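Trainee: Dumping the structure here so I can ask a few things about it.
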Amino acid sequence: MIRLLISAKSEQRLRAASQFVLAYPPGSELTLIGPSRDAIDDFARTNSGPATFGWHRFTLPQLAKRLAAAELASRGLARATAVGAEAVAARAAFLLQKEKRLPYFAPVAESPGFARALASTLQELRMARITPAELHTDIMKVREYPALEDLSWLLERFEEQCRTSGIADWPAVLEAAQ
């Protein structure tokens with residue numbers, strides 16, 4: 001059964017959630033999702049009744065990782081950490097810099113923090129399902145925003161590096177979890 005409660009008052013949301021879980025007999029299998037592991041554990045302790053056997057507690061990212069695990073394994077992919085994605089972004093920038101294909105970002109491509117900022121930007125592009133071709137197609141945009149051409153090459157190289165390395169970044173994990 002799906003029920004949706006919209007309320008700005010946390011007290012009202014928690015009361016409704018408590019009524020929902022207590023409506024099930026002890027030992028029922030339930031999946032509880034909360035904003036943090038501590039928050040969902042506190043909720044479970046407070047509303048446990050006689051037993052919590054069968055209660056599965058997750059944050060949304062933890063649930064996504066769990067749901068994606070089998071799909072990623074079937075594709076031969078390993079989930080990348082944020083540092084792993086940053087390393088792949090750094091390698092993509094290094095290779096393109098070496099090929100002299102980063103005219104816009106060349107002055108900052110070797111700066112501390114560039115790889116982290118680049119990884120974050122590439123993740124946002126991938127979350128929005130923007131492809132390298134979409135960044136590169138509109139010549140007027142490229143003329144007005146010269147960074148788009150460099151970004152298209154960086155995104156293309158990042159995705160290529162992920163494929164050849166068997167790595168799934170966060171957007172790929174979310175896609176596999178669907």
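Trainee: Over the residues of segment 84-178, compute the C-alpha Rg and express it relative to 2.2 N^0.38 Å. Spell out each step's value before the answer.
Mentor: Details: Rg = 12.9 Å, N = 95, 2.2 N^0.38 = 12.4 Å.
In units of the 2.2 N^0.38 Å rule of thumb, it is 1.04.
Trainee: How much solvent-accessible surface does Thr121 expose, in Å² to the nearest 10, with a 1.4 Å probe and all protein chains in place?
Mentor: Looks like 60 Å² after rounding.
Trainee: Using Cα pairs closer than 8 Å and at least 6 residues apart in sequence, work out the relative contact order for the chain, in percent. List each step's numbers first, then the result.
Mentor: Details: 177 pairs, mean separation 43.8, N = 178.
Answer for the chain is 25 percent.
Trainee: Taking amide H positions as placed in the peptide plane 1.01 Å from N, state which residues far from Leu77 in sequence (5 or more) or on other chains have amide H under 5 Å from it.
Mentor: none
Trainee: Would you give the gap between the C-alpha center of segment 54-101 and the C-alpha center of segment 1-19, rounded to a whole Å?
Mentor: 33 Å
Trainee: Order Trp55, Trp153 by their accessible area, 1.4 angstrom probe, all chains in place, largest first.
Mentor: Values: Trp55 30, Trp153 55 Å².
Descending order: Trp153, Trp55.
Trainee: Moving on to the next point. Give me the orientation-averaged projected area of the Cα convex hull of segment 1-84, in nm², one decimal. Working shown, then result.
Mentor: Numbers: hull surface 30.0 nm².
The number I arrive at for segment 1-84 is 7.5 nm².
Trainee: Between Ala16, Ala39, Ala168, find the one with the highest GNM mean-square fluctuation for the chain; connect C-alpha pairs within less than 10 Å.
Mentor: Highest fluctuation among the options: Ala16.
Trainee: Return the inverse of the average 1/r over all pairs of distinct C-alpha atoms in the chain, which is the Kirkwood hydrodynamic radius, in Å to one decimal.
Mentor: Working: mean 1/r = 0.0519 Å⁻¹.
That comes to 19.3 Å for the chain.
Trainee: Net charge around Ser36, counting only other residues with Cβ within less than 12 Å of its Cβ (Lys, Arg = +1; Asp, Glu = -1)? Walk me through the intermediate numbers first.
Mentor: On the way: positive: Arg37, Arg57; negative: Asp38, Asp41, Asp42.
After counting each charged neighbour, the total is -1.
Trainee: Given the DSSP H assignment, sum -39500 (n - 2.57) over each helix run of at least 4 residues in the chain and divide by its residue total; what's the result at 222 nm in deg cm²/dmol, nearest 500? Could you put the intermediate results ahead of the total?
Mentor: Numbers: 9 runs with 108 residues, N = 178.
Helix contribution divided over all residues of the chain: -19000 deg cm²/dmol.
Trainee: What residues qualify as long-range amide H neighbours of Gly34, i.e. H under 5 Å apart, gap of 5 or more or another chain, H built at 1.01 Å from N?
Mentor: Phe58, Thr59, Leu60
The values are calculated or read from the model by the stated rules, or taken from the named source; none is laboratory data. Every value quoted in this text rests on a predicted model; they were computed, and no experiment measured them. All Cβ positions, even for glycine, are placed from backbone atoms using ideal geometry, and neighbour counts span all protein chains on display. Just so you know, the surface numbers come from the protein's heavy atoms only, side chains and all, with ligands and any DNA or RNA stripped out. Shrake-Rupley method; radii C 1.70, N 1.55, O 1.52, S 1.80 Å.
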